[in-house]
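Worksheet: the structure to be examined is printed underneath.
The values are calculated or read from the model by the stated rules, or taken from the named source; none is laboratory data. As the structure is a prediction and not an experimental result, all values here were calculated from the model. Neighbour counts are summed over all protein chains in view; Cβ atoms, including those assigned to glycine, are modelled from backbone coordinates with ideal geometry.
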Amino acid sequence: MTGKYTYREIDESTVYSELEDVFILSPQRLRDICKVFVKEMEKGLENDDCTLKMIPSFVTNRPTGKEVGTYLALDLGGTNFRVCEINLEGQSKVRLRAKKFTIPDSAKTADQSVLFDFLAESIAIFIKEYNINTEKDINLGFTFSFPVQQTALNKGTILLWNKGFNCANSIGKDVVTLLSEALTRKQLKVNVVALVNDTVGTLMSHAYVDPGTCVGVILGTGTNAAYVESAEAIPKWKGGPIKSNEMIINSEWGAFDNERKVLPWNKYDQQQDEQSTNPGKQTYEKMISGMYLGEIVRLVCKDLIERKILFGGMSSTEMDTPGKFETAYMSRIERDHTAELTDTKMVLQEILKIPYVAPRDRRIVRRICELVAIRAARLAACGVAAVVTKMNRVDTGCTVAIDGSVYEHYPHFDNRMRDALHELFGMFSENVSLQLGKDGSGIGAAVIAALADK
Ligand code: BGC
């Protein structure tokens, strides 16, 4: 301890056990969550106005891997926006050319026309840069990863925004119409043939290579899952007989437990929710996904700083600013295996500008990151377990395709999910195969467009 830095006389292990009490989930808690989850899914399949929206995607067939054709795909809903050209070559082979665009923050919260004009402009740039032939009609699959009430394969009204987006004049409007109008304003001749949630896209693109895929999950900026449901289990479906007898359901599981009945919601979750653009909504998502995890860590750190348990009570403007502790820093800290936690020190001192970071501070911050991320992975596993239980696939097994930055890049996320699945299903957890489904959402939109062409 030096000069002006004062630490409260509190033992490191006492700090850990206080944090563990707040963040650790027992196996029994996992089972309770999973049980409520299955019930909520059933409710959502019966009625429209439930917490879990359980939206029929109008995708009723899975691919065979033989589908062919060239399509454009748009992928909007994570941190980046992508335009892709996708070539389905049959034999489960795909070629992809893609360009990422950064969405200006101003377009995320302005009138919808600003966002949709930006999308159309990006398509125009892509078509020019990649020399796309515009003589023939271009068919496009639009992956739009926000809650949408789908009314046809290429129609759906926006229910609400999340993940930092909140565009005026858009709720209740058809997404495809908004995009088509912006394309017309740019004089671009592109047909939007499918409107797809990224989870549905992930499921479909993985099924193009592995027909045993029944679930698509996103664990990225936001979180959600889609799965294959049998027609008779969807009492609210009024769209007539389904030939294949199955329908892919977009669960919109991010809203799970908005009533806060079963999730281990704590004071940090509460603070994070209050300062978000959508308070009271997306409860489960706010405990799991990349947009929020870093912020939870920041709020815990702030609390410990105020109580003079961390950094001798010294904060910084960065540490005091919402959103400045990125989830990517948590990954970096968890990857730091140096004896002195040197990289953790770098993140805290050089990026977050904390004046003095003692070795004990580094260990505490690292433990906070671990606890927040372990809780996220275990909660995500509850969702997967609930979906697999709902499909009656615990015995027979299935492939779960998962995409998103948290699943792909966060260290140990996958293993932590598997551990929780093992606690829930015992040896049957081996039947649930978690697979990375990279680039799924864009490719999936093309696969769906190809199926629509048939
Ligand atoms: C959206 C979902 C989406 C998920 C993952 C959530 O915030 O509501 O539609 O699938 O994020 O991108």
(message) Six or more apart or on different chains, Cβ atoms under 6 Å: show the pairs whose first residue is in segment 199-223 and closer than 15 Å to residue 88 by Cα and whose second is away from the ligand (no atom under 15 Å from the Cβ) and part of a loop (DSSP other than H, G, I, E, B).
(response) 207/62; 207/63; 208/63; 208/65; 208/92; 209/92
(request) Looking for whichever is in contact with a helix residue (DSSP H, G or I) (Cβ under 9 Å, 6 or more places away or on another chain) and outside any loop (DSSP other than H, G, I, E, B) here; the options are 122, 113. Which one fits? (result) 113
(request) Determine if segment 150-172 includes at least one residue that is within 15 Å of residue 75 (Cβ to Cβ) and modelled with pLDDT under 95. (result) yes
(message) Of all residues being aliphatic (A, V, I, L, M) and either touching a helix residue (DSSP H, G or I) at 6+ places or on another chain (Cβ under 7 Å) or part of a strand (DSSP E or B) (or both) in segment 209-218, which is farthest from the ligand (Cβ to nearest atom)? Just the residue, please.
(response) 215
(request) Of the conditions (1) more than 16 Å from the ligand (Cβ to nearest atom); (2) surrounded by 15 or more Cβ atoms within 10 Å (Cβ to Cβ); (3) part of a loop (DSSP other than H, G, I, E, B); (4) under 23 Å from the mean Cα position of the chain (by Cα), residue 261 clears all except one; give me its number. (result) (2)
(message) Quick check on segment 188-208: of everything there that is surrounded by fewer than 18 Cβ atoms within 10 Å (Cβ to Cβ) and not in a strand (DSSP E or B), which residue is farthest from the ligand (Cβ to nearest atom)?
(response) 189
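Residues checked against (1) on the phi > 0 side of the Ramachandran plot; (2) within 13 Å of the ligand (Cβ to nearest atom); (3) at pLDDT 95 or above:
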site: 220; (1), (2), (3): no, yes, yes
site: 235; (1), (2), (3): no, no, yes
site: 239; (1), (2), (3): no, no, no
site: 257; (1), (2), (3): yes, no, yes
site: 282; (1), (2), (3): yes, yes, yes
site: 286; (1), (2), (3): no, yes, yes
site: 298; (1), (2), (3): no, no, yes
site: 306; (1), (2), (3): no, no, yes
(message) I'd like to check something: does segment 25-41 contain any residue that is at pLDDT 95 or above, under 30 Å from residue 307 (Cβ atoms) and surrounded by fewer than 13 Cβ atoms within 10 Å (Cβ to Cβ)?
(response) yes
(message) Out of 224, 250, I need the residue that is within 21 Å of residue 373 (Cα to Cα), within 12 Å of the ligand (Cβ to nearest atom) and within 20 Å of the chain's Cα centre (by Cα). Which one?
(response) 224
(request) Take segment 125-150 and flag every residue that is within 16 Å of the ligand (Cβ to nearest atom) and assigned to a strand (DSSP E or B). (result) 141, 142, 143, 144, 148, 149, 150
(request) From (1) under 30 Å from residue 286 (Cβ atoms); (2) touching a Phe, Trp or Tyr at 6+ places or on another chain (Cβ under 9 Å); (3) not polar (S, T, N, Q), pick out the condition that doesn't hold for residue 174. (result) (2)
(request) Look at segment 253-312 and say how many of its residues are hydroxyl-bearing (Ser, Thr, Tyr) and in contact with a strand residue (DSSP E or B) (Cβ under 8 Å, 6 or more places away or on another chain). (result) 2
(request) Please work out if residue 164 is surrounded by fewer than 24 Cβ atoms within 10 Å (Cβ to Cβ), under 22 Å from the mean Cα position of the chain (by Cα) and assigned to a loop (DSSP other than H, G, I, E, B). (result) yes
(request) Answer yes or no: is there a residue in segment 265-272 that is part of a loop (DSSP other than H, G, I, E, B) and buried (at least 19 other Cβ atoms within 10 Å of the Cβ). (result) no
(request) Have a look at 128, 136, 99 and point out the one that is in contact (Cβ under 8 Å) with a residue 24 or more places away in the chain and closer than 26 Å to residue 68 by Cα. (result) 99
(message) I need the full set of residues from segment 167-187 which are assigned to a loop (DSSP other than H, G, I, E, B) and buried (at least 20 other Cβ atoms within 10 Å of the Cβ), in order please.
(response) 167, 170
(message) Pull out all pairs, ordered by first then second residue, where Cβ-Cβ is under 7 Å, the residues are six or more apart or on different chains, the first lies in segment 71-82 and is more than 8 Å from residue 143 (Cα to Cα), and the second is among the basic types (Lys, Arg) and assigned to a strand (DSSP E or B).
(response) 80/100; 82/99; 82/100
(request) Given the conditions (1) more than 23 Å from residue 214 (Cβ to Cβ); (2) in a strand (DSSP E or B), report the number of the one that residue 48 does not fulfil. (result) (2)
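Per-residue answers, yes or no, for (1) within 16 Å of the ligand (Cβ to nearest atom); (2) within 25 Å of the chain's Cα centre (by Cα):
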| site | (1), (2) |
| --- | --- |
| 12 | no, no |
| 26 | no, yes |
| 30 | no, yes |
| 33 | no, yes |
| 55 | yes, yes |
| 63 | no, yes |
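The rows are residues; the columns are (1) surrounded by 20 or more Cβ atoms within 10 Å (Cβ to Cβ); (2) touching a Gly at 6+ places or on another chain (Cβ under 6 Å); (3) of a type outside the set (S, T, N, Q).
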position	(1), (2), (3)
43	no, no, yes
49	no, no, yes
56	yes, no, yes
59	yes, no, yes
65	no, no, yes
70	no, no, no
76	yes, no, yes
80	no, no, no
(message) Quick check on this structure: which one of 367, 416 is under 26 Å from residue 145 (Cα atoms), more than 16 Å from the ligand (Cβ to nearest atom), touching a residue at least 40 places away in the same chain (Cβ under 8 Å) and charged (D, E, K, R)?
(response) 416
(request) Output the residues belonging to segment 326-366 that are among the hydrophobic types (A, V, I, L, M, F, W, C) and closer than 18 Å to residue 308 by Cα. (result) 348, 352, 354, 357, 358, 364, 365
